[in-house]
Amino acid sequence: MTEFVQHLINGLSLGAVYALIALGYTMVYGVLQLINFAHSEVFMLGAFAGFYSSRWLPKFREEPRFLLILLIAMAFCALVGFLIERVAYRPLRDKPRLNALITAIGISMLIQAVGQLPWFMGPSPQFFPTLLANGPLVEVGGVSVTRLQAITFVAAVVLMIALHRLIFHTRLGTAMRAVSFDGKVAALMGINPDRVIAFTFILGSALAAAAGILVGMGYPRIEPMMGLMLGLKAFVAAVLGGIGNLKGAMAGGILIGMIEALVVGYGTSSYRDAVAFGILILVLVLKPSGLFGRVVTEKV
Amino acid sequence: MRPDAEGGGRAEAGENPTADAESREPLRPIVNRRPPPAAIDRGPPAASGSASALTIWGRSARPLAIGLPLILVVAWALPLRSDSYLVYLAGLAGINVVLAVSLNIVNGFTGQFSLGHAGFMAVGGYVAAAITIAVGGQYQLAFLPESMSDGLLFFGATLAGGGAAGIAGLLVGLPSLRVRGDYLAIVTLGFAEIIRVVIENLQAVGGATGLIGIPPSASISWVLFWVFVVVLVSKRLLASTHGRALLAVREDEIAAEAMGVNTTRYKVQAFVISSFFAGVAGALLGHYLQILSPKDFTFIKSIEVVAMVVVGGLGSISGAVIAAIFLTILPEALRPLQDYTGVDLRMVIYSSLLVLLMLLRPTGIFGSRELWDLRRSRRRPPVQAGEDAP
């Protein structure tokens, strides 16, 4: 039992990270109906932004330094996300969706490939520095929570609450939901969809950057290909929760994280990557709209 | 409305006897007065009204009559295993052509988006290799010489590999093709990853190190044969009722459904055919390189195939062929650059090609046209710009 709870707690912090990334997928899908494959690369760039900024920043008190690095990475990735949308997706806005999807894959592969060139990040893994000291935080009845796990979970939850407030309690958030509901009608109501879409990308990318730093601290080997698998699993989380649905993405992320932790804990870790996709296929067979999604009838 | 329409029909009658004959039928709806443009473009009946069954039969047998002897001649002219680098490269290009043309059936004709071609390829490659390794040294068909027996075994193994990949395609396609299109991309991708992970953990087929000791059965002529088959099958498929249904699904799924096309069935069928040939390509690759390793079947391999199809033009068979050859040779042609910089630029080139093409020329090199359309359009007055290749 203690072992089970321990696995669940490990899964909780991993799942919070998945949820952060899944939010980016689900928001973009909500406004554009596009699987933003490049999102996983934004996440990877976030980890590297943290890596490089921690190398350049002088040492001072740990916690504010961590927050500063987090902010730098988030700002950098917000810029990257904005640029990707501007350069690659906006020209294809009124083209068939397949074109945008192929472009998204192309951008994703391009960032990976360029990142692997020796004059950028290089193909070999780098070691993420310890930004915050790790150690056991609490231990109750054999179940221990490390400091890092707590930080990861709390940071992710704080960001998610902030996002929730932003989307449900501000004018911009209302505009985002309106565009997501029906872009054309939203434009008729005086909302500038271009601005809202750009803002969606900025928001999602900033969250992905935060996830990148949290992953970097928890699993310090970072490399240009790290986004691929994690991003796919986060996407599975978004589908599991019902794509386009924010709460669904959060729940789906945490669920995927926990399932993965259980598989690694009880089964074999070599199959950990296969499990998420098994879940995806199951979801598609049993409930294609996801756990929280609403069924959308396609109209002509 | 009706008398007016009939009057119109009569007025045209002097110039066009067929229209006259049609309009005289009493209950014809107005729209049927002229044959639909698609029917004009349908080659045989319109072009040669008096073609006998024999000429039609002869025309449809023409590719076989030309292609098979040509392959036999190449097989006879080339040594069984050539050490020449160019011949080696030609074989790889041929395998890539099989891959690209088969993916084109799903991504080009049907308008779905599969990202897991490497997975199906792996299934086919490993199944075929396992069969030839297991059967190879032990049995020989008594009445046949060794080389023919091996050839037959390889052919059977290729079919088995393709069949296994087709079944895998059915298993993946059935759930994912029922839901919205872009899920297919992620499901096929995930499936390919699952396959790879499973192979890596299967010690029976070599695990992560790969399967070695596969007999070198796939000669250039086998590759050519399968290129021929896949091109012929997809060309004929496109011209058939099935192909029309696939195009209808691509153009507008809801409209196709409303016209009575069972979209899921056709999509799954196309997917299975495509997976079959991916499996064949995998079998060819395994018996060509004599080694199969899970590293060959990553996400990147799938992307390479997608790049070939997109560069060639989604839906164009000849485009896929040319792009596959081009993208196989390109990295080799860039080898000096690679040696100079010491960097593998292949993925950079593939991905930037994809992005630039999508932004600048989303239709690819050929669009959905074909090489053989060029000749036809010169011979006959052009009909209906939007009409797809027969």
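Any residue in the range B:239-251 that is buried (at least 19 other Cβ atoms within 10 Å of the Cβ), within 14 Å of another protein chain (Cβ to nearest Cβ) and acidic (Asp, Glu)?
Among the residues of the range B:239-251, not one is buried (at least 19 other Cβ atoms within 10 Å of the Cβ), within 14 Å of another protein chain (Cβ to nearest Cβ) and acidic (Asp, Glu), which makes the answer no.
So which pairs qualify, if the first residue must be in the range B:330-346 and within 12 Å of another protein chain (Cβ to nearest Cβ) and among the β-branched types (Val, Ile, Thr), the second must be in a loop (DSSP other than H, G, I, E, B) and surrounded by 15 or more Cβ atoms within 10 Å (Cβ to Cβ), the Cβ gap must be under 9 Å, and the two must be at least 6 apart or on different chains?
Taking only residues 6 or more apart or on different chains, the pairs are B:THR341/A:LEU117; B:VAL343/A:LEU117.
Restricting the search to the range A:198-221, which residues are surrounded by fewer than 21 Cβ atoms within 10 Å (Cβ to Cβ) and of a type in the set (Val, Ile, Thr)?
If the condition is that a residue be surrounded by fewer than 21 Cβ atoms within 10 Å (Cβ to Cβ) and of a type in the set (Val, Ile, Thr), then A:ILE202 is the only one that fits.
If you go through the range B:147-168 one residue at a time, how many are polar (S, T, N, Q) and surrounded by fewer than 17 Cβ atoms within 10 Å (Cβ to Cβ)?
Residues flagged as polar (S, T, N, Q) and surrounded by fewer than 17 Cβ atoms within 10 Å (Cβ to Cβ) within the range B:147-168 amount to 2.
Can you pull out every residue in the range B:208-243 that is farther than 22 Å from B:PHE155 by Cα, out of contact with any strand residue (DSSP E or B) (no Cβ under 6 Å at 6 or more places or on another chain) and touching a residue at least 12 places away in the same chain (Cβ under 8 Å)?
Once the filter is applied, which keeps residues that are farther than 22 Å from B:PHE155 by Cα, out of contact with any strand residue (DSSP E or B) (no Cβ under 6 Å at 6 or more places or on another chain) and touching a residue at least 12 places away in the same chain (Cβ under 8 Å), the range B:208-243 yields B:ALA208, B:THR209, B:LYS235, B:LEU237, B:LEU238, B:ALA239, B:HIS242, B:GLY243.
Being in contact (Cβ under 8 Å) with a residue 24 or more places away in the chain and more than 9 Å from chain B (Cβ to nearest Cβ) is the filter here; which residues of the range A:265-288 pass it?
If the condition is that a residue be in contact (Cβ under 8 Å) with a residue 24 or more places away in the chain and more than 9 Å from chain B (Cβ to nearest Cβ), then A:GLY265, A:TYR266, A:ILE279, A:VAL283 are the ones that fit.
Quick one: in the range B:321-365, which of the residues that are β-branched (Val, Ile, Thr) and modelled with pLDDT under 80 is farthest from A:ILE107 (Cα to Cα)?
This residue is B:THR341.
To keep it simple, each residue is scored yes or no on (1) away from chain B (no Cβ under 14 Å); (2) modelled with pLDDT under 90; (3) assigned to a helix (DSSP H, G or I).
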{"site": "A:MET44", "(1), (2), (3)": "yes, no, yes"}
{"site": "A:GLY50", "(1), (2), (3)": "yes, no, yes"}
{"site": "A:SER53", "(1), (2), (3)": "yes, no, yes"}
{"site": "A:PHE60", "(1), (2), (3)": "yes, yes, no"}
{"site": "A:GLU63", "(1), (2), (3)": "yes, yes, yes"}
{"site": "A:LEU67", "(1), (2), (3)": "yes, no, yes"}
{"site": "A:GLY81", "(1), (2), (3)": "yes, no, yes"}
{"site": "A:ARG90", "(1), (2), (3)": "no, no, yes"}
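Take the range B:274-320 and flag every residue that is surrounded by fewer than 24 Cβ atoms within 10 Å (Cβ to Cβ), among the aliphatic types (A, V, I, L, M) and over 21 Å from A:ILE105 (Cα atoms).
Within the range B:274-320, B:LEU289, B:ILE291 qualify.
For the subset of the range A:101-128 comprising residues that are hydrophobic (A, V, I, L, M, F, W, C) and more than 8 Å from chain B (Cβ to nearest Cβ), which member is surrounded by the most Cβ atoms within 10 Å (Cβ to Cβ)?
Going through the qualifying residues, I end up with A:ALA104.
Which one is surrounded by the fewest Cβ atoms within 10 Å (Cβ to Cβ) among residues in the range A:1-31 that are more than 17 Å from the chain's Cα centre (by Cα) and hydrophobic (A, V, I, L, M, F, W, C)?
The residue in question is A:MET1.
Has the range A:34-49 got any residue that is more than 21 Å from A:LYS233 (Cα to Cα) and either among the charged types (D, E, K, R) or surrounded by 23 or more Cβ atoms within 10 Å (Cβ to Cβ) (or both)?
The answer is yes, given that some residue of the range A:34-49 is more than 21 Å from A:LYS233 (Cα to Cα) and either among the charged types (D, E, K, R) or surrounded by 23 or more Cβ atoms within 10 Å (Cβ to Cβ) (or both).
The values are calculated or read from the model by the stated rules, or taken from the named source; none is laboratory data. Please read these numbers as outputs of a predicted model, since none were measured by experiment. Glycine gets a Cβ as well: all are built from the backbone with ideal geometry, and neighbour counts include every protein chain shown.
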